[in-house]
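A.B. asks: Take this structure, written in structure tokens, and hold onto it; I'll ask about it next.
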Amino acid sequence: MSGALLAAPRIAVTGAGGPMGLAVAQRLAGAGARAMALTDISATRLEKNATALAEAFPDIEIVALRGDVTRGEEAGAFAATALAALGGIDVLVNTVGGLRSKRLYTPLLEMAEEQWRATFDLNLMGGFHLIRAFAPGMIERGAGRIVNFASIVFGGEHGQADYAAAKAAVASLTRSLAAELAPSVTVNAVAPGLTRTSVTQNMPPEEAARLVGGAFHHRMAEPGEIAEAVAFFGGCPV
């Protein structure tokens, strides 16, 4: 990673209605963000978190728009709204990702094509759309940061061939973009392990206990811990 720290940046965060997106937005707001554009597929969750952020950081301009950023037209609407309201985006954090299957683990031989495609869309298409929307302005201004979300399982995981392959693609995309957009824009990825998010909160207690038992430190990471890495790569480490 290279590039100077960004002073009072304008930041876009996807998945801002979830625990991870909220933690990222809170951390970057506390690091001196000038304005934030937030989006999430859930209007209810987004409104709740945007309201909480506005109350905690009254000096920051906040724009929130519900949208499914995996869909080109909805990602485009969010990007257009953010650019019109804020004049540009200096830091993009692509938090959206995960699994759309009700099963946490599905062997490949039991996996439907629809699940495979849905997992790749969920983990890659939001970044594809929004990087294309926001990176040109970063290049024109000569500065910008993009942070993608991969996963520790990008090297492969039993029963999660779709998710692991999609996160490997995120890691590969990140490296490709780091080369393509340098030196004006830095592109990095964080690869969290087991983290306390809505997915882990909703899983059966016995499954959560099994995963925690297999973790190196026998606990789940907190979203705020991951947000520290995002702040570093986003040029907002204060």
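Just so you know, all these numbers are worked out from the coordinates, no wet-lab data involved. Being a predicted model, the structure only gives us computed values, none of them experimental. When we count neighbours, we look across all protein chains shown, and the Cβ atoms used for this are built from the backbone with ideal geometry, even at glycine.
A.B. asks: Apply the a/c threshold of 1.5 to the C-alpha gyration tensor of the chain and tell me whether it is rounded, prolate or oblate.
C.D. replies: It is prolate, given that a/c is not under 1.5 and a/b is the larger ratio.
A.B. asks: Let me ask another. Along the charge dipole of the range 33-185, which of V153, A37, A143 sits closest to the positive end, that is, farthest toward it, with unit charges on the beta carbon of Lys, Arg, Asp and Glu (+1, +1, -1, -1)?
C.D. replies: Positive-end residue among those listed: V153.
A.B. asks: What do you get for the angle between helix 72-86 and the principal long axis of the chain? Use alpha-carbon atoms, 0 to 90 degrees, nearest ten.
C.D. replies: Orientation of helix 72-86: about 30 degrees from the principal axis.
A.B. asks: ³J(HN,Hα) across the range 224-229 via Karplus (A = 6.51, B = -1.76, C = 1.60, θ = phi - 60°), whole Hz, x for Gly/Pro?
C.D. replies: x, 5, 5, 4, 4, 5
A.B. asks: Compute the long axis of helix 43-56 from its Cα atoms, compare it with the longest principal axis of the Cα atoms of the chain, and write down the angle in degrees, 0 to 90, nearest 10.
C.D. replies: The angle comes out near 50 degrees.
A.B. asks: What's the exposure ranking of D121, D162, D59, going from fewest to most Cβ atoms within 10 Å?
C.D. replies: D59, D121, D162
A.B. asks: A follow-up question, please. So what is the 222 nm mean residue ellipticity for the chain from helices alone, if each DSSP H run of at least 4 adds -39500 (n - 2.57) and you divide by all residues, rounding to the nearest 500 deg cm²/dmol?
C.D. replies: One gets -14500 deg cm²/dmol as the mean residue ellipticity at 222 nm.
A.B. asks: Treating the angle as unsigned and between 0 and 90°, give the value, to the nearest 10°, between the Cα long axis of helix 205-214 and the longest Cα principal axis of the chain.
C.D. replies: 80 degrees
A.B. asks: Select from the range 113-189 those GluC sites (Glu not before Pro) which occupy a DSSP coil region and have at most 12 other Cβ atoms within 10 Å, ordered by residue number.
C.D. replies: Within the range 113-189, no GluC sites (Glu not before Pro) qualify (loop, at most 12 other Cβ atoms within 10 Å).
A.B. asks: What is the chain's relative contact order, in percent, from Cα pairs under 8 angstrom and six or more apart in sequence?
C.D. replies: 23 percent
A.B. asks: Then there is this: Among F78, F232, which comes first, then next, by fewest other beta-carbon atoms within 10 Å?
C.D. replies: Ascending number of Cβ neighbours within 10 Å: F232, F78.
A.B. asks: Calculate the tail of P(r) for the range 9-131: the fraction of all Cα-Cα distances greater than 26 Å, expressed in %.
C.D. replies: Tail fraction, whole percent: 22.
A.B. asks: Another one. Looking at the range 1-129, send over the antiparallel percent of its DSSP beta bridges, to the nearest 5.
C.D. replies: 0 percent
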